[in-house]
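Let me begin by presenting the structure, written as structure tokens, before commenting on it.
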Amino acid sequence: MNTQVWIQEIESRLGTTLLESARQTDADDSFPFILVDEIIHDPYFVDLVSQIDRNHTLKEFNQLIKQISEVFPALASILLTQAAYGVYPILRFGTDSQRDTYLADLIQGKRLGAVAHSEEAGGSDIEQLTTTVVETEGGWILNGHKAYVSNGQEAHLFYVTAKKADANHSLQRGVFVVNRDLEGVTVHPAKKKVGIRAMSVTELTFENVFLSEESLLGGVYQGETQSKEIMDRIKLSIVAQAIGLTASSIKKGIDYLSLDRKIGTRLIEMPDYQQIIAHLISRYEAIQALYDNTVSQRTIDRDAIAMLKLLISELATQSTEQIIHMSGGFGYMRQNDLERLARDARATAIYGGSMATQSKIIAKKWL
């Protein structure tokens, strides 16, 4: 299906545009429940998410994310989080029992899922995990605190990364499926954010939470491998999001610079501005080419994903800020959306792993 036509169909059914919703939710920090509900229950979206573990489907899904991000990056964040953090872990790693219990509801949007991996001190570094599980009769006892949980306010279940030390003091890490309504689970109020305001980000506390034997994802302690693969999946979607956001900001900039002026030549005719735009577009096209090559491969290259995330996060931030600077006072007016895109761009540099984390991944091969 043509994704742009599908977006127009969604807007027609709702009687509003993505742009109107983007502006409203950014103004009041609200979650777009009606819009999200319409999208995640749509047969086309359900079909994409049900096959999100296949590379060719991920490519089509990310094209949808890119186009949504040109107008409403925060909505794209909500949708890609549900796909990569809600559906993918169970679809890719879940036991038959876990799939039977959760998968259909997650794919059909009856439940939202979220990954609870990062912690305040260690960030997303699994080596610095402090959240723990202790084996007990019939399962485990979970204790700990998680930070920066995307879609956390709305999620019905969480994939929680925790460590277990056995009697021989050997350390094992696993991902545990934790229902929100279990006793001892506390979902804290959503954080106030500069960008991507429509998506909630919250903290979670687990205090002596009893988890059944069925809670360990895949039934195995492979938390490091599972977490890396889940993170790589969402990073590719965030790259697509940032590509769409960058394309939108550059287009808005060129449109403004090309306007006829009552006095003097058009701004686009000034050599300094031409040079800035040329550099932005050249970097954008190079990143797009690397992205296209990466998603066309049969296996996902983790280093290439880290490079893409590093490069596009930097470009998204720089392009929006430079376009605002070239646009003068116009760039700071909310009605042109550049100011909102600039704030959203800064969030892409952190979400899914910071630029420092991507640099660390790339540098490992030299150590």
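Can we say LEU236 is surrounded by 22 or more Cβ atoms within 10 Å (Cβ to Cβ) and under 20 Å from LEU171 (Cα atoms)?
Numbers: surrounded by 22 or more Cβ atoms within 10 Å (Cβ to Cβ): yes; under 20 Å from LEU171 (Cα atoms): no.
So LEU236 does not fit the description; no.
All but one of (1) open to solvent by 40 Å² or more (accessible area, probe 1.4 Å); (2) within 14 Å of the chain's Cα centre (by Cα); (3) basic (Lys, Arg) hold for LYS66, so report the exception by its number.
Checking LYS66 against (1) open to solvent by 40 Å² or more (accessible area, probe 1.4 Å); (2) within 14 Å of the chain's Cα centre (by Cα); (3) basic (Lys, Arg), the one that fails is (1).
Hey, can you tell me all the residues within the range 200-226 that are charged (D, E, K, R), within 23 Å of the chain's Cα centre (by Cα) and farther than 14 Å from GLY174 by Cβ?
The answer is GLU203, and nothing else.
Among the residues that make up the range 117-134, is at least one of them open to solvent by 20 Å² or more (accessible area, probe 1.4 Å), within 22 Å of ASP181 (Cβ to Cβ) and part of a strand (DSSP E or B)?
Taking every residue of the range 117-134 in turn, at least one turns out to be open to solvent by 20 Å² or more (accessible area, probe 1.4 Å), within 22 Å of ASP181 (Cβ to Cβ) and part of a strand (DSSP E or B).
Can you name the residue in the range 252-265 that is surrounded by fewer than 24 Cβ atoms within 10 Å (Cβ to Cβ) and in contact (Cβ under 8 Å) with a residue 12 or more places away in the chain and, of all such residues, is nearest to SER150 (Cα to Cα)?
Out of the qualifying residues, it is LYS252.
Can you name the condition, by its number, that ASP272 falls short on among (1) more than 23 Å from ARG340 (Cα to Cα); (2) surrounded by 10 or more Cβ atoms within 10 Å (Cβ to Cβ); (3) acidic (Asp, Glu)?
(2)
Mind listing just one residue for me: the one in the range 24-37 that is surrounded by fewer than 17 Cβ atoms within 10 Å (Cβ to Cβ) and touching a helix residue (DSSP H, G or I) at 6+ places or on another chain (Cβ under 8 Å) and, of those, nearest to GLN82 (Cα to Cα)?
Applying the filter and picking the extreme gives ILE34.
Mind listing whichever residues of the range 128-141 are on the phi < 0 side of the Ramachandran plot and in contact with a strand residue (DSSP E or B) (Cβ under 9 Å, 6 or more places away or on another chain)?
Answer for the range 128-141, where residues must be on the phi < 0 side of the Ramachandran plot and in contact with a strand residue (DSSP E or B) (Cβ under 9 Å, 6 or more places away or on another chain): GLN128, LEU129, THR130, THR131, THR132, VAL133, VAL134, GLU135, THR136, TRP140, ILE141.
When you look at GLY109, is it open to solvent by less than 50 Å² (accessible area, probe 1.4 Å) and within 13 Å of ALA155 (Cβ to Cβ), yes or no?
In short, yes.
Checking VAL187 against (1) open to solvent by 20 Å² or more (accessible area, probe 1.4 Å); (2) hydrophobic (A, V, I, L, M, F, W, C); (3) in contact with a helix residue (DSSP H, G or I) (Cβ under 7 Å, 6 or more places away or on another chain), only one condition comes out false. Which one?
Looking at each condition in turn, VAL187 falls short on (3).
Tally up the residues in the range 216-229 that are out of contact with any Gly (no Cβ under 6 Å at 6 or more places or on another chain) and open to solvent by less than 10 Å² (accessible area, probe 1.4 Å), please.
Number satisfying all stated conditions: 2.
Given (1) under 26 Å from ALA147 (Cβ atoms); (2) buried (at least 20 other Cβ atoms within 10 Å of the Cβ); (3) not polar (S, T, N, Q), where does PHE61 come up short, assuming only one miss?
All conditions are met except number (1).
Between a residue in the range 125-137 that is farther than 17 Å from THR225 by Cβ and at pLDDT below 95 and any residue that is open to solvent by 90 Å² or more (accessible area, probe 1.4 Å) and in a loop (DSSP other than H, G, I, E, B), which pairs come within a Cβ distance under 8 Å, given they are 6 or more apart or on different chains?
Filtered contacts from the range 125-137: GLN128/ALA121; THR130/ALA121.
For a quick check of your reading of the model, give me the residue pairs whose first member lies in the range 1-23 and is closer than 13 Å to ILE68 by Cα, whose second is polar (S, T, N, Q) and surrounded by 13 or more Cβ atoms within 10 Å (Cβ to Cβ), with beta-carbon atoms closer than 7 Å and at least 6 apart or on different chains.
Listed pairs, sorted by first residue: THR3/GLN63; THR3/GLN67; GLN4/GLN67; ILE7/GLN67; GLU11/THR17.
How many residues does the range 220-233 hold that are in a helix (DSSP H, G or I) and closer than 14 Å to LYS164 by Cα?
Number satisfying all stated conditions: 2.
A quick yes/no check of all residues on (1) part of a helix (DSSP H, G or I); (2) at negative phi; (3) touching a Leu at 6+ places or on another chain (Cβ under 8 Å):
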site	(1), (2), (3)
LYS235	yes, yes, yes
VAL239	yes, yes, yes
ILE243	yes, yes, no
ALA247	yes, yes, no
ARG261	no, yes, yes
TYR273	yes, yes, yes
TYR284	yes, yes, yes
ALA289	yes, yes, no
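Checking ASP53 against (1) farther than 28 Å from ARG343 by Cβ; (2) of a type in the set (Asp, Glu); (3) open to solvent by 70 Å² or more (accessible area, probe 1.4 Å): exactly one of these is not met. Which one?
Single failed check for ASP53: (3).
The values are calculated or read from the model by the stated rules, or taken from the named source; none is laboratory data. Quantities reported herein were computed from a predicted structural model and do not represent experimental measurements. Note that we place each Cβ from the backbone using ideal geometry, even for glycine, and neighbour counts take in every protein chain shown. Accessible surface areas use protein heavy atoms only, side chains included; no ligands, DNA or RNA. Shrake-Rupley method; radii C 1.70, N 1.55, O 1.52, S 1.80 Å.
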